[in-house]
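For reference, the structure discussed in these notes is given below.
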Amino acid sequence: AEGATLDGFETWVLVQNPNPTTTQANITFMTDSGQVAGPTLDLKANSRESVNVANYVQTYNVSTKVTATQPVIAERSMYYSRPVQPEPQPEPEPEPQPEPQPTTYDFSGSGNKATQLFTLQEGITTFDLTHDGESNFIVWLKDQNGENVDLAANAIGSFAGGKLVSVDNTAGYILDIKADGNWAIHVEQPRPTTAPGVPQTFTGNSDDYSPFFTLSSGAARFDMTYQGDSNFIIWLYNSDGEMLELLENEIGSRSDSTVISVDQGIHILDITGEGSWSITVTQ
């Protein structure tokens, strides 16, 4: 209800979070000249933080309002001494770093083409490809010397799908496209810092890659179904582009499951299949 921050008085507001989850608390100071915004506290479970009122207002008369997203305990402590050394102003909290924006390239054309040289960084690279022709659609990722790196697409007729490739070196690359119709290719190098946990279910009907997902250390289960006559292949990668485990490599329709040991981190799946497929990941 009261406090002072001048002439030897020192006032602190103490806020405790007794809850088992993080709570956000907002502090507002009431002065003779009006309200003054105080700090916003992100209080971890069962923790307490203390706020020096002098860092926000210099006055003989101040009261404090505390609001929070969950019930909290608020206290006030006052001290008196002479002389009072001015409190150093707190250093501003560092701004959270935004998630890095992925490197992207878009190419389109018709018929057989080779792209200009473009730069890829080491690590995960995804390709989203479409083709409206009736014959072979083959896309090779080649290095700057013209050597094959990986096959991004190998289909007959119209195609809409994706491919995940792990690039070993930061360097220049080229896409070499064989097609008899219009095609478009979107290249991206995502570098996620967060991803949703499991359970997750991913579905598709052609070659593709999954969204990123987070696994905890321990056992991870993969339930996989496929309706098709061709190869059904699933590789598990981590977000650094390391190929971790071959989860499936069969031909024809299936309904399979497997359990493997994984490390904590962000993961992604690369799927080969010319038919309807579904993958459920649980822990």
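Here are the numbers:
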quantity	calculated
Ranked order, Val149, Val165 - accessible area, probe 1.4 Å, largest first	Val149, Val165
Hull shadow area, averaged, region 88-213 [alpha-carbon convex hull, nm²]	10.9 nm²
Label-point gap, in nm, between Ala219 and Asp42 - each point 7 angstrom along Cα→Cβ	3.5 nm
Peptides 259-270, 231-242 ordered by average Cβ neighbours within 10 Å, highest first	231-242, 259-270
Extension gain, Ser50 back to Lys65 (0.36 nm per residue minus Cα-Cα distance, nm)	4.0 nm
In Hz, Karplus ³J(HN,Hα) per residue of region 232-241 (6.51, -1.76, 1.60; θ = phi - 60°; x = Gly, Pro)	10, 10, 10, 10, 9, 10, 9, 6, 7, x
Rounded percent of accessible protein surface that carbon and sulfur make up, region 115-217, 1.4 Å probe	43 percent
Karplus (6.51, -1.76, 1.60) ³J(HN,Hα), θ = phi - 60°, over region 25-38, in Hz, Gly and Pro reported as x	10, 10, 10, 10, 9, 9, 10, 4, 9, x, 6, 10, 5, x
FRET efficiency for Ile73 and Asp263, using Cβ-Cβ distance with R0 set to 45 Å, rounded to 0.05	0.70
Farthest toward positive dipole pole in the chain [+1 Lys/Arg, -1 Asp/Glu at C-beta], among Ile279, Thr194, Ala152	Thr194
In order through region 162-175: 3J(HN,Hα) via Karplus (6.51 cos²θ - 1.76 cosθ + 1.60), integer Hz, x for Gly, Pro	x, 8, 10, 10, 9, 8, 7, 9, 6, 6, x, 9, 9, 9
Spherically averaged projected area of the chain from its Cα convex hull (nm²)	21.6 nm²
Positive minus negative residues near Ile156 (Lys, Arg vs Asp, Glu; Cβ under 12 Å)	-2
D_trans [Stokes-Einstein, Kirkwood Rh over alpha-carbon pairs] for region 152-283, 37 °C, 0.692 mPa s, µm² s⁻¹	208 µm²/s
Sequence-separation-based contact order of the chain, relative, with Cα cut under 8 Å and 6+ spacing, percent	16 percent
Debye, to nearest 20: dipole size of the chain, +1 on Lys, Arg Cβ, -1 on Asp, Glu Cβ	880 debye
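The values are calculated or read from the model by the stated rules, or taken from the named source; none is laboratory data. These figures come from a predicted structure and were not determined experimentally. When we count neighbours, we look across all protein chains shown, and the Cβ atoms used for this are built from the backbone with ideal geometry, even at glycine. Areas reflect the complete protein model, heavy atoms only, side chains present, ligands, DNA and RNA absent. Shrake-Rupley method; radii C 1.70, N 1.55, O 1.52, S 1.80 Å.
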